[in-house]
Amino acid sequence: MKQTAYKMVYSILKQEIREGKYETGKLLPPEHFLESRFEVSRTTVRRALELLARDGYVDAQQGRGTAVLDFTTVQRLNALTSITETLKSKGYEVKTKGMHIDLVEASTKVANALMIKEGETVVRIQRVQCANEQPVAIMTNYLLEELVPGIEAHSGGFTSLYEFLENKYHFVLTNAIEHLSASVTDFSEAQILGVSVGWPLLISERVTYSDSKPVEYSRTRILGDKYKYAIHLEGRQ
């Protein structure tokens, strides 16, 4: 299928930003230059720039131009997506360095998140996620046991948990509540992630729902210099 013009412009500019042709904080060439370079209309150029802005690569500044942003991975918080999916969308090769799936008794926090009794059996999935061979996140997910029968047999068999749950167990994930906090690595975390003790971490705690029923609770520790969140705010109450 032939690629549309604006997606072609978007793809080329994104690749050039990632390769360092345009430095962070610098301006992209003006629209009329891009029109001439790609032999497209101004509307096409603007649609491409809108895509770049949406994905966290640039920021259109009124009266100044389009500035290049630090393209460190950005996850927008107005859509239900996973860290793995966000990394892949940014062009990273994502692999799971290690995975262990077992059955454990739900702690008070896990039980409250999943709306079950403390001590009930839940599935725990522990993973280290890598982007371009570099460890970036330590992930721990808890699932209701009755929703994922036999999942232990799939240890090491997937990279994106959400995608796996949707395809294998036909999950319909509708919304999530996520809490973010800051921390620093202890000795064990530093060893796993290949950084120094005291390195900044972003902690994500999320409860994911299928309609109004909680189906997953996760706690993810992400290298603070490798991952960012973007929140889209619109309108006033």
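Taking the Cβ of Ser41 as the center, what net charge do the other residues with Cβ under 12 Å away carry, scoring Lys and Arg +1 and Asp and Glu -1? Once all neighbours under 12 Å are counted, the net charge is 0. Amide H to amide H distances under 5 Å link Ser155 with no residue, where only residues 5 or more positions off or on other chains count and H is placed in the peptide plane. For the chain, the relative contact order comes to 16 percent (Cα pairs under 8 Å, sequence separation of at least 6). Neighbour counts of C-beta atoms inside 10 Å place Met8, Met139 in the sequence Met8, Met139, starting with the fewest. Phi angles of the stretch 107-116 translate, via the Karplus equation with coefficients 6.51, -1.76, 1.60 and θ = phi - 60°, into HN-Hα couplings of 6, 4, 5, 5, 4, 5, 5, 8, 6, 10 Hz per residue; Gly and Pro are given as x. Looking at the chain alone, DSSP beta bridges between its own residues are antiparallel in about 95 percent of cases.
Here is how the number arises for the chain: DSSP H runs of 4 or more residues each give -39500 (n - 2.57), the sum is divided by the residue count, and the result at 222 nm is -7500 deg cm²/dmol. Close amide-amide hydrogen proximity is noted between Gly224 and Leu201, Leu202, each under 5 Å apart and 5 or more residues distant or on a separate chain (H modeled in the peptide plane; Pro and chain starts excluded). Take each peptide in 35-41, 115-121, count the other Cβ atoms within 10 Å of every residue, and average; sorted highest first, the result is 35-41, 115-121. Taking the longest Cα principal axis of the chain as reference, the axis of helix 42-54 is set at about 30 degrees. Entry note: the stretch 73-230 has Rg to Rh equal to 0.94, where both radii use alpha-carbon atoms and Rh is the Kirkwood radius.
With N as its number of residues, the stretch 1-63 has a Cα radius of gyration that, divided by 2.2 N^0.38 Å, comes to 1.05. The angle separating the long axis of helix 5-18 from the principal Cα axis of greatest extent in the chain is about 70 degrees. Residues whose amide H comes within less than 5 Å of that of Glu120, counting only those at least five positions distant or on another chain, are Ala106 (H built at 1.01 Å from N in the peptide plane). Rounded to the nearest 20 debye, the dipole size of the stretch 73-230 about its Cα centre is 460 debye, using +1 on the Cβ of Lys and Arg and -1 on the Cβ of Asp and Glu. Which of the three applies to the stretch 81-159, rounded, prolate or oblate, going by the alpha-carbon gyration tensor with a ≥ b ≥ c and a/c under 1.5 meaning rounded? Judged from the Cα gyration tensor, the stretch 81-159 comes out prolate (a/c at least 1.5, a/b above b/c).
Throughout, read-outs are computed from the coordinates displayed, never taken from laboratory work. A quick note: this is a predicted structure, and the numbers were derived from the prediction, not measured. Virtual Cβ from ideal backbone geometry, glycine too; neighbours counted across all protein chains shown.
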